[in-house]
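One structure is given below, encoded as structure tokens.
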Amino acid sequence: KTPMPFPIAVAEISKTEAKTGFTFPLGLKSRLLKDNGGEIEVTGDCWQLIPFLDGSDRKRIARTCNDIVRETAGMRDWRGFPPDAFVVAQNGGGDYLIIRPEAEGSTQLGETIYFWDHETGEHEPVADSIDSI
């Protein structure tokens, strides 16, 4: 079971954006500002949201150390994982929900949530935004 998520400060999310060079979609940031982590249900499956790293205190660092940047870096070598994607949730079975830039070469990540299948390396849209889940 995942620990109860904490809210996160905008400044902590801004650190992730500065580190990656990408701006995360407003819907995702708004959702994680309230609960930096937690669970959602998509396509009949339960997904654990990947948090932003929260360096504000030791307890929050411990709960968020497997953050969006770290989890995404671990996926970059997987066959078929889009090189411009970021992971936003996992189902515990190897599949991920991901987001991608709005346009090729853009540093603004889009609101569309995609299901990425670890067996096929394919991805397809499953929600217009985190708000619609």
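The values are calculated or read from the model by the stated rules, or taken from the named source; none is laboratory data. Keep in mind the model is a prediction, meaning the values are calculated, not measured. For neighbour counting, all protein chains shown are included, and Cβ atoms are generated from backbone atoms with ideal geometry for every residue, glycine included. Note: areas computed on protein heavy atoms with side chains; ligands, DNA, RNA excluded. Shrake-Rupley method; radii C 1.70, N 1.55, O 1.52, S 1.80 Å.
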Every listed condition ((1) out of contact with any Asp or Glu (no Cβ under 7 Å at 6 or more places or on another chain); (2) over 25 Å from Ala103 (Cβ atoms); (3) modelled with pLDDT under 95) holds for Leu33 save (3)
Of all the residues that make up the range 1-42, how many are in contact with a strand residue (DSSP E or B) (Cβ under 6 Å, 6 or more places away or on another chain), farther than 16 Å from Ser56 by Cβ and small (Gly, Ala, Ser)?
1
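With the range 5-67 as the region, which helices (runs of 4 or more DSSP H) entirely inside it contain at least 2 residues that are open to solvent by 70 Å² or more (accessible area, probe 1.4 Å) and more than 17 Å from Ser132 (Cα to Cα)? Don't jump to the end; show me each part of the working.
Numbers: elements: 10-20, 26-34, 58-64.
Hits in the range 5-67: 10-20, 58-64.
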I'd like the full set of residues that are of a type in the set (S, T, N, Q) and more than 20 Å from Trp47 (Cα to Cα), limited to the range 96-127.
Ser106, Thr107, Gln108
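Could you list, in sequence order, the residues of the range 68-79 that are over 20 Å from Ser106 (Cα atoms) and open to solvent by 40 Å² or more (accessible area, probe 1.4 Å)? Give the steps one after another, and end with the answer.
Restricting attention to the range 68-79, the residues satisfying the condition of being over 20 Å from Ser106 (Cα atoms) are 70-71, 74-75, 77-79.
Selection gives Arg70, Gly74, Asp77, Trp78, Arg79.
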Given (1) on the phi > 0 side of the Ramachandran plot; (2) without any contact (Cβ under 8 Å) to a residue 12 or more places away in the chain; (3) not basic (Lys, Arg), index of the condition Glu124 fails
(1)
